[in-house]
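Here, each number is a calculation from the coordinates, and none is a lab measurement. Only a predicted model underlies this, so the values are computations on that prediction, with no experimental measurement involved. FYI the Cβ positions are ideal-geometry reconstructions off the backbone, even for glycines, and counts take in every protein chain you see.
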Amino acid sequence: MINAVPIRSGMVRPYVVTLSAPGTSSIRGLVRYYEGHAPSDHRDMRNVVLLGDVVYSWACLSALIDQMRDCVFAVSHDIGTDAGELWGVAWNPIADHNMRGSLERADRRAPPDPTSHYAYQPGQMRLWLWDVEATLVPDRRCRFVTTDYTTDIDLDSHVQPDFLEPLSMAAAADDLAHGVTW
């Protein structure tokens, strides 16, 4: 059981689900998860999707769990069709039906993987962002653009000391500012 977590608007008690076998596409893993859960399963919950290879800042996590945002995508400043990063997405129950519909449309647009179910398929979560912006939330108002140390660890260079040391120092300073030491 996870303890209650304080946020600006009160306290939340997360119900954590880890996809044990999400596959090679984040978007397809989410579609499979939500196919097995009716909207009423999440009636009173904020859905927050965090990708597993990401180091999140407190600001980024706060934006994702902020109940005042009906829908939010945490992205890098340079997000585009061939650049940038998408680190997480969250939505309130009021947006659940629309977000699930948008997720399904994005999944239908995702390219098939003709070679292997083990081949990683990058960038597909962006399809969800593009669909939400085209159909639900125009003018990029659903984006939380992170300009801090939030980053994913997905290249060989990301596990080298010259990358990890400054990242660890930034995360430690952020944690200390929030009362956490390590």
The range 145-182 and the range 31-96: distance between their alpha carbon centers, rounded to Å:
20
What residues qualify as long-range amide H neighbours of residue 142, i.e. H under 5 Å apart, gap of 5 or more or another chain, H built at 1.01 Å from N?
none
In sequence order, calculated HN-Hα J values of the range 49-64 (Karplus, 6.51, -1.76, 1.60; Hz; x Gly/Pro)
10, 10, 7, x, 9, 10, 9, 9, 7, 4, 5, 5, 4, 4, 5, 6
Restricting everything to alpha-carbon atoms, can you work out Rg to Rh for the range 67-176 with a Kirkwood hydrodynamic radius?
1.02
Sequence-distant or interchain residues sharing an amide H contact under 5 Å with residue 89, placed H: which?
49, 74
Most to least packed among 147-159, 62-74, 100-112 [average Cβ atoms within 10 Å]
62-74, 100-112, 147-159
Any chance you could list P(r) for the range 26-87, counting all Cα-Cα pairs in 10 angstrom bins from zero, rounded to whole %?
17, 44, 33, 5
